[in-house]
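See below for the structure under consideration.
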Amino acid sequence: CSGADVPQEQKAGWASFIKSLAQMTGDLSSMTAPPFILSPTSLTEFPAYWCEHPNLFAEISEGKTEQDRMERVLRWFIDTLSAQYTTRNEKMGSEKKPLNPVLGELFYGIWPDLNGRGETRLIVEQVSHHPPITAYYIENAKAGVKLQGHSGQKTSFTGTAINVKQSGHAVLTVQPKNGQKEEKYLITLPKLRIEGIIWGSPYIELTDTNAIQSSTGLTAQIDYKGKGYFSGKSHSFKASIANASGKSLQTYEGQWTGKSHIGGSKGPIFLDTTVPKEEVTVRDVSQQTEWESRKLWVNVAKGIRTGNYDEAGKDKTRIENEQRQRRKDETTNNTTWEHLHFTHVDSDPDYQFLSALLHDKLTPAHEDAYVFKPETMDVVGRSA
Ligand code: HCR
């Protein structure tokens, strides 16, 4: 193992982390990694990446036709990718290992109403710890756009890279401003490959393909390629919108981290993701409940940020022990943990209906879902 970017004193730890990757059974989140690769942010914060350009989210319902709205959904979706998959590299120099959320962990935020676009609200809840599953709900009521989804990950190690298959899906609901009937869009999640492991400077490349299926019958398919395939550039994609009979109506190509074009690479600009992002606004930690992510992890995050890994480790152990005790108590009392904001359903009717419209039908034909409880929108948290 070369580990050129690993601090000298952590080289041995990095080498043994890589060794243990080879024995991993699909859940990387609970593995112990050397301090230099730890992020002070919990995975419950990640759903905020769906909306760091709230204008694009709000503007979907302004589309005049079904195709116009599908194009806006595609533009917003491609735009979310750079936030989802490159933020840690930009802010911390490389991809990092996020904090592994506890069951019931919460994350709330808003993007304020600017220029009349409406306020966008975000509610996130960790609905499973083993395996880790995060459920989220994002809504701009004024714009008539909402997103409900959940995500988990299955990881495997190839010897040089980590392959991550995302489980879960998201459903976007749009009430068009021109009064046409409500539309739903099923969004499947892309696969990722974490490269640069050997050097100790991981980064993400998206692979294969994912789809957006609309209830109108239109489908968008996005194909991802790294350096040397479509354009010689990393983080490249090609997308197309097709009608219900599979006829391509429009194509797009470019980089999901930069500029992309309509039609060929010389066509009009489709999207420029380098426009500054709007981070979600979160209440100050002093006003958060014990279950809210930044309050829950405050000492661990401080330890990681300041290099005080003893402090970080002690508080992490305290949190994990508390969780173990809760699970034991539940077994003793024959109770189960109840989600605050979401209801689990074994088969999502939206997934079942929309996945059947896809040309490459999805397997399995059924997926579970965590349905947001609208009556909890104004609940700020659960007392400890
Ligand atoms: C794979 C990953 C945890 C999951 C993260 C997900 C898939 C979560 C859902 C978001 O919508 C998108 C997303 C983005 C992240 O890139 C992805 C994380 C990247 C690394 C992390 C591993 C569990 C940690 C790997 C440790 C490496 C860096 C050594």
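Applying a 10 Å radius around every beta-carbon, put 296-303, 243-250 in order of their mean neighbour count, most first.
296-303, 243-250
Rounded to two decimals, what is Rg over Rh for the stretch 59-172 when you use alpha-carbon atoms and the Kirkwood radius?
The Rg/Rh ratio comes out at 1.01.
If you put +1 on each Lys and Arg Cβ and -1 on each Asp and Glu Cβ, how big is the dipole of the stretch 1-122 around its Cα centre, in Debye rounded to 20?
It comes to approximately 340 debye.
Which whole-number percentage describes the relative contact order of the chain, with Cα contacts under 8 Å and a sequence gap of 6 or more?
Averaging sequence separation for qualifying contacts and normalising by length gives 15 percent for the chain.
Students often get this wrong, so check it: of Lys97/Lys316; Lys11/Lys227; Lys181/Lys266; Lys146/Lys373, which have C-alpha atoms separated by over 24 Å?
Correct reply: Lys11/Lys227; Lys181/Lys266.
Would you grab the residues whose amide H sits under 5 Å from the one on Ile133? Only those 5+ places off in sequence or on another chain, please, with H modelled 1.01 Å from N.
Long-range HN contacts for Ile133: Val127, Ser128.
So if I take the centroid of the Cα atoms in the stretch 124-168 and the same for the stretch 290-310, what is the distance between those two points in Å?
Measuring centre to centre over Cα atoms gives 22 Å.
I want to verify the translational diffusion coefficient of the stretch 303-345 in µm²/s; compute it with Stokes-Einstein, Rh as the Kirkwood radius over Cα pairs, at 37 °C and 0.692 mPa s. Can you show the working numbers first?
Values: Rh = 12.7 Å.
Answer, rounded: 259 µm²/s.
Quick one: dipole size for the stretch 114-194, taken about the Cα centre, charges +1 on Lys/Arg Cβ and -1 on Asp/Glu Cβ, in debye to the nearest 20.
220
Just subtract the alpha-carbon distance of Ala15 and Asp310 from 0.36 nm times their residue separation and send over the number in nm, one decimal. Please report the intermediate quantities before stating the final value.
Numbers: separation 295, 0.36 × 295 = 106.20 nm, distance 2.11 nm.
Answer, rounded to one decimal: 104.1 nm.
Determine by what factor the alpha-carbon radius of gyration of the stretch 59-105 differs from 2.2 N^0.38 Å, reporting the quotient.
So the stretch 59-105 has a normalised radius of gyration of 1.71.
Quick one: give the max-minus-min coordinate of the C-alpha atoms of the stretch 237-314 along each principal axis, largest first, in Å.
For the stretch 237-314, the Cα extents along the three principal axes come out at 57, 28, 22 Å.
I need the Debye-formula profile for the chain: one equal scatterer per C-alpha, no solvent, reported as log10 I(q)/I(0) at q = 0.06, 0.10, 0.14 1/Å, two decimals.
Those come out to -0.23, -0.67, -1.35, one per q.
To one decimal place, what Kirkwood hydrodynamic radius in Å is obtained for the stretch 157-237 from all pairs of distinct Cα atoms?
14.8
Calculate what fraction, in whole %, of the accessible area of the chain sits on carbon and sulfur atoms when a 1.4 Å probe is rolled over the protein chains.
Summing carbon and sulfur atoms, their accessible area is 51 percent of the total for the chain.
For Lys154 and Lys181 in the same chain, what is the full-extension length gain: residue separation times 0.36 nm, less their Cα-Cα distance, in nm?
Extending this stretch completely gives an extra 6.0 nm.
Helix check for the chain. Which DSSP H runs span at least 18 Å along their own axis by Cα, with a mean Kyte-Doolittle hydropathy no less than 1.0?
Working: long enough: 66-92 (40 Å, -1.12); 309-333 (36 Å, -2.63).
Once both thresholds are applied, nothing remains.
Averaging over all projection directions, find the projected area of the Cα convex hull of the stretch 236-384 and quote it in nm² with one decimal place. Walk me through the numbers on the way to the answer.
On the way: hull surface 59.7 nm².
It is 14.9 nm².
Given a 1.4 Å probe, how much area per residue of the chain is accessible, in Å²?
That works out to 46 Å² per residue.
Apply the Karplus curve 6.51 cos²θ - 1.76 cosθ + 1.60, θ = phi - 60°, to the phi angles in the stretch 344-350 and return the couplings in whole Hz, x for Gly and Pro.
Each residue's phi maps through the Karplus curve to give 7, 10, 5, 9, 7, x, 5 Hz.
HN-Hα J couplings of the stretch 112-128 from phi, Karplus 6.51/-1.76/1.60, θ = phi - 60°, integer Hz, Gly and Pro as x?
x, 6, 10, 6, x, 6, x, 7, 10, 10, 10, 10, 10, 9, 7, 9, 8
The values are calculated or read from the model by the stated rules, or taken from the named source; none is laboratory data. This is a predicted model, so every value here is computed, not measured. Backbone-built Cβ (ideal geometry, glycine too); neighbour counts: all protein chains shown. Note: accessible area is taken over every heavy atom of the protein model, side chains too, but ligands, DNA and RNA are not part of it. Shrake-Rupley method; radii C 1.70, N 1.55, O 1.52, S 1.80 Å.
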